[in-house]
Amino acid sequence: MPNSYVKMYVHAVFGVKYRQALLSKQWRDRLFRNIGKIINDEGCREIIVNGVEDHVHCLFFLKSDVKLSRVMQRVKSLSSGWINKNGLTRCKFSWQSGYGAFSHGESSVNTVIRYIERQEEHHAKKTFHEEYIDLLEKFDIDYDERYVFQELE
C-alpha cells in the first residue's frame, strides 16, 4: 500500500524441547546464522540471533505483510530440520512448542541487542525459566505457569 511506513521490532524467544541443553557451543554460531537466514528469507530482517544451550533469542524487523506466526513456524521447523539433517545431536532434535514474542520501540533496540549478545553472562545468574517468566511479566502477558514449559497433551 503506498505511503505506508512500518518498522516493527520483534524479540522472539524459544527453547529446546524439555529445555534440554542440546545446543552445543561447537555449532551454535552456525545454527544462529541459519536462523538469521531463515528470518531474512521470510522477508524480514534479522538484527541478532544468539542464545545458550537450551534456548534462542532473535531480534528482527517484522515485515508489515508477514505473519509473525509464519516466521516463527518456519524458523523452528527449518532450523530443527537443519540440526537433524546434519546429525548435530544424538537424538532427534525438536524445539518446544510455542514461543514468546515481544515488541520493542526504536529507543530500546540497543539495550535489547546488548541483552541478547550477553546471554551466556546473563545465564550464569538466571535460568531460562526465570528469564522467560520475567519477560512475560514485564510485558504484562497473562500465562498459566503449568503450560509455560510443558507440552500440551
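Would you mention how many residues in segment 1-27 are in contact with a Gly (Cβ under 8 Å, 6 or more places away or on another chain) and closer than 22 Å to Ile83 by Cα? Break it down into steps so the answer makes sense when it comes.
Start the filter on segment 1-27 by keeping residues that are in contact with a Gly (Cβ under 8 Å, 6 or more places away or on another chain), which leaves 9, 12-14, 23.
Keeping just the survivors that are closer than 22 Å to Ile83 by Cα gives 12-14, 23.
Matching residues across segment 1-27 total 4.
Evaluate the following for Ile39: is it assigned to a helix (DSSP H, G or I), under 17 Å from Phe14 (Cα atoms) and touching a strand residue (DSSP E or B) at 6+ places or on another chain (Cβ under 9 Å)? Can you show your working first?
Details: assigned to a helix (DSSP H, G or I): yes; under 17 Å from Phe14 (Cα atoms): yes; touching a strand residue (DSSP E or B) at 6+ places or on another chain (Cβ under 9 Å): yes.
Yes: the conditions hold for Ile39.
I'd like to know if segment 14-36 contains one or more residues that are more than 16 Å from the chain's Cα centre (by Cα) and either within 18 Å of Phe128 (Cβ to Cβ) or not in a loop (DSSP other than H, G, I, E, B) (or both).
Pass one, segment 14-36, residues more than 16 Å from the chain's Cα centre (by Cα): 24-27.
Imposing the further condition that a residue be either within 18 Å of Phe128 (Cβ to Cβ) or not in a loop (DSSP other than H, G, I, E, B) (or both) reduces the set to 24-25.
Yes, because at least one residue in segment 14-36 is more than 16 Å from the chain's Cα centre (by Cα) and either within 18 Å of Phe128 (Cβ to Cβ) or not in a loop (DSSP other than H, G, I, E, B) (or both).
Of all residues in segment 124-148, which are of a type in the set (Lys, Arg) and more than 15 Å from Ser103 (Cα to Cα)?
Lys125, Lys126, Arg146
Among the residues of segment 12-56, which ones are among the small types (Gly, Ala, Ser), under 17 Å from Arg74 (Cβ atoms) and touching a His at 6+ places or on another chain (Cβ under 8 Å)?
Our first condition is that a residue be among the small types (Gly, Ala, Ser); within segment 12-56, this holds for 12, 15, 21, 24, 36, 43, 51.
From what is left, the residues that are under 17 Å from Arg74 (Cβ atoms) are 12, 36, 43.
Once the filter is applied, which keeps residues that are among the small types (Gly, Ala, Ser), under 17 Å from Arg74 (Cβ atoms) and touching a His at 6+ places or on another chain (Cβ under 8 Å), segment 12-56 yields only Ala12.
Which residues, taken from segment 6-52, are hydrophobic (A, V, I, L, M, F, W, C), surrounded by fewer than 14 Cβ atoms within 10 Å (Cβ to Cβ) and in contact (Cβ under 8 Å) with a residue 60 or more places away in the chain? Before you say what the answer is, go through the steps one by one.
Within segment 6-52, the subset hydrophobic (A, V, I, L, M, F, W, C) is 6, 8, 10, 12-14, 16, 21-23, 27, 31-32, 35, 38-39, 44, 47-49, 52.
Pick out the ones that are also surrounded by fewer than 14 Cβ atoms within 10 Å (Cβ to Cβ) and you get 6, 21.
Matches in segment 6-52: none.
Rule-based calculations on the coordinates, nothing more; no lab input. This one's a predicted model, so the numbers in the text were calculated from it and none came from an experiment. FYI the Cβ positions are ideal-geometry reconstructions off the backbone, even for glycines, and counts take in every protein chain you see.
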